[in-house]
Amino acid sequence: MNTTTLPTAPRTTAPAARAARAMRRLGPGWFLVSPSVALLLLWMLVPLAMTVYFSTIRYNLLYPGDNDFVGFENFYYFLTDAGFVPGMLNTLLLVGSVLLISVVLGVLIAALLEAAEFPGRGLVRVLLISPFFIMPTVSALIWKNLLFHPVSGILAALWKFFGARPIDWLAEYPLLSVIIIVSWQWLPFAILILMTAMQSLDQEQKEAARLDGAGPLAIFWHLTLPHLARPIAVVVMIETIFLLSVFAEIFTTTSGGPGYASTNLAYLIYNQALLQFDVGMASAGGLIAVVIANIAAIVLVRMLGKNLTEKY
Amino acid sequence: MAELKIRNLTKGFDGLEIIKGIDLDIRDREFVVFVGPSGCGKSTLLRLIAGLEDVSGGQIELDGRDITDLPPAARDLAMVFQTYALYPHMSVRRNLSFALELARADKQEIARKVEDAARILELGPLLERKPRQLSGGQRQRVAIGRAIVRNPRIFLFDEPLSNLDAALRVQMRLELARLHQELKATMIYVTHDQVEAMTLADKVVVLNGGRIEQVGSPMTLYHSPANMFVAAFIGTPRMGFLKGRVGAVNADGCAVEVDAGCRLVLPLGGAALAVGDPVTLGIRPEHLNRSETGPCLMEVTADVSERLGSDTYCHVRTDSGEPLTVRIRGDFSPRYGERLRLSLDVDHCHLFDRDGQAIGQPLQQVA
């Protein structure tokens, strides 16, 4: 917080300048930003520092008092843990598939909603958006007990109706099930953003294209999709941030299993900290997750950031 | 060849009739301007011709072919939009070639047509740019270029100049006139600006409330407006109107008693007029003179004046309370409240009956 030397400050006599500097240090500006600065320190820096500290010591809740400094041992054990590689792959698969599903289906559904005039369109819109407002735990439970359940689920009833053997989704396709649940939650977000974006497409451009001989498909391909490039970038960025840390859906349905089949990084860290009580290793895992999230963020900004800053 | 025939065309939105039965013929190579106040249906009429709106009733015929129900692309028309409607993520070159690519035209032919259009509109150095890198006037030219490459039977313009600043508008107006001559094209042009209508048109169509008020050359509209609406709409400042009564009618003229305090004899055949009928006398600012003598003198009170240098437009009020505008020499500016004497140019007076229709057209024809 260096406010003492401002290059544009008017040159005044030395005592006056000193007085002004003192004023600034005591002045309302510093005073007024202090709550937010204090909050940031308290809520971000302190936990981060503590995590870094925990990651370098032996810290297992089962062995209280045994807190020696161990260097990078926790990192070594986390990276070589049997769950780390599947956890990483599952995280990537989960993020990638949900992004793909929500963007592709989002564009198509938004385009259909935009193109079609039918009674009850407003209601359909609300219904399409509503999964977004259901909390992850609840939606995962709905999927688990009402849809995926091999005995009482709707899908099981459907399979039985056609004479097939019902699938135990959560046991046989655990990661796919989680992907379906998370996609169901995040598709509404994509639809919401893309639908709004689609409404801002200049109608005269569409009319000009119609006069130029473009059919609905050509208009979609040559006008609508390029117009959606920016909102799609927004959807991808925001969803990535939240999808990297999916937890509740896994916790309430598969508990990461069977084995590590549906364990992602967030769940692995939880597993270390609160099931194996190894806070030190969980902290190391948390820091690794921070690094991975930052790598993802940098890649995304490189890839899509240009799309966001470019003006039309 | 491009001959457009419109027969009894109607269009309604949600039960509200916007176009109330239009009949119009547009000949080959004509520059036709639709003009009217906002909400008169001129843009809707253009969009009906383009096929962007569905017709409620009536028929549109292009070169003997009924195009009423054809999709826009099949009508062989090109349109220039008010907001230009360029495709923002395509280069100028692709904007120009888009329609031809969709029609799967030969690559060399596309290149040739794009080059031609770029040459006519001086777009050569801009071909690789994106629309956002162009100025308003350049975007406008690209929009026109997009129409030219398609070589349509008719060019449609929907208020193409209204997004440009005043100086550029004058320049583009001249370019459009030149383009019309060069391309020998049939053009339909919608505007609310009567200056554009007067300067560009071979034929002006004045619309009001979804109906055609009058069709004619700009000079016909100026000299022989068919009714009070056209008389007031064409010409700046607008025509002044004075209420009056028919005083006497005989074989070679009819005398009008103007409420504002004068009596004049107009060389009308007295068609269908009876003594005592209420009439309205129309007189343009340029046909009123400040004068102490003359055939028809009227005393008025000066209101504010607008001095333009070459002329002064002096707003006055007659003793009957009706506003009039007078064009006088630029070096004269009456004081507010000053009494002036005006004489009316009898040859340029227009007379309208109680329904606003002109009486005894034409008073005066100019070759």
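Read-outs throughout are calculated quantities, based only on the coordinates presented, and are distinct from any laboratory measurement. None of these values were measured; they are calculated from a predicted model. So basically every Cβ, Gly included, is an ideal-geometry build from the backbone, and we count neighbours across all protein chains shown.
Before moving on, here are some points about what is shown:
- Here A:TYR173, A:TYR267 are screened, and the one residue that is surrounded by fewer than 19 Cβ atoms within 10 Å (Cβ to Cβ), more than 14 Å from the chain's Cα centre (by Cα) and of a type in the set (Ser, Thr, Tyr) is A:TYR173.
- Here B:GLN194 passes the criteria (1) touching a residue at least 24 places away in the same chain (Cβ under 8 Å); (2) within 12 Å of chain A (Cβ to nearest Cβ) except the one numbered (2).
- Residue ID - farthest from B:LEU48 (Cα to Cα), chosen from residues in segment B:134-176 that are among the polar types (S, T, N, Q) and assigned to a loop (DSSP other than H, G, I, E, B): B:SER135
Residues are listed down the side, and each one gets a yes or a no for (1) under 23 Å from A:GLY215 (Cβ atoms); (2) part of a loop (DSSP other than H, G, I, E, B):
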{"position": "B:PRO88", "(1), (2)": "yes, yes"}
{"position": "B:ASN95", "(1), (2)": "yes, no"}
{"position": "B:GLU109", "(1), (2)": "yes, no"}
{"position": "B:ARG112", "(1), (2)": "no, no"}
{"position": "B:ASP116", "(1), (2)": "no, no"}
{"position": "B:ARG132", "(1), (2)": "no, no"}
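- Search result, residues across segment A:149-191 that are over 30 Å from A:LEU228 (Cβ atoms) and in contact (Cβ under 8 Å) with a residue 40 or more places away in the chain: A:LEU170, A:ALA171, A:PRO174
- Against the test of being in a helix (DSSP H, G or I) and loosely packed, with under 14 Cβ neighbours inside 10 Å, the options A:LEU92, A:LEU99, A:LEU45 yield a single qualifying residue, A:LEU45.
- Screening B:THR301 against (1) surrounded by fewer than 17 Cβ atoms within 10 Å (Cβ to Cβ); (2) within 27 Å of the chain's Cα centre (by Cα); (3) part of a strand (DSSP E or B) leaves a single unmet condition, (2).
- Members of segment B:212-257 found to be part of a strand (DSSP E or B) and under 14 Å from the mean Cα position of the chain (by Cα), listed by number: B:ILE212, B:GLU213, B:GLN214, B:VAL215, B:GLY216
Rundown of residues vs (1) under 19 Å from A:LEU94 (Cα atoms); (2) outside any helix (DSSP H, G or I); (3) hydrophobic (A, V, I, L, M, F, W, C), yes/no style:
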residue	(1), (2), (3)
A:GLY213	no, yes, no
A:ILE250	yes, no, yes
A:SER262	yes, yes, no
A:MET281	no, no, yes
A:GLY286	yes, no, no
A:VAL291	yes, no, yes
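- None of A:VAL95, A:VAL70 is over 26 Å from A:LEU243 (Cα atoms) and either in contact (Cβ under 8 Å) with a residue 24 or more places away in the chain or more than 25 Å from the chain's Cα centre (by Cα) (or both) except A:VAL70.
- Single residue of B:PRO72, B:PRO88 found to be closer than 25 Å to B:ARG139 by Cα, surrounded by fewer than 19 Cβ atoms within 10 Å (Cβ to Cβ), facing another protein chain (nearest Cβ under 9 Å) and touching a Lys or Arg at 6+ places or on another chain (Cβ under 7 Å): B:PRO88
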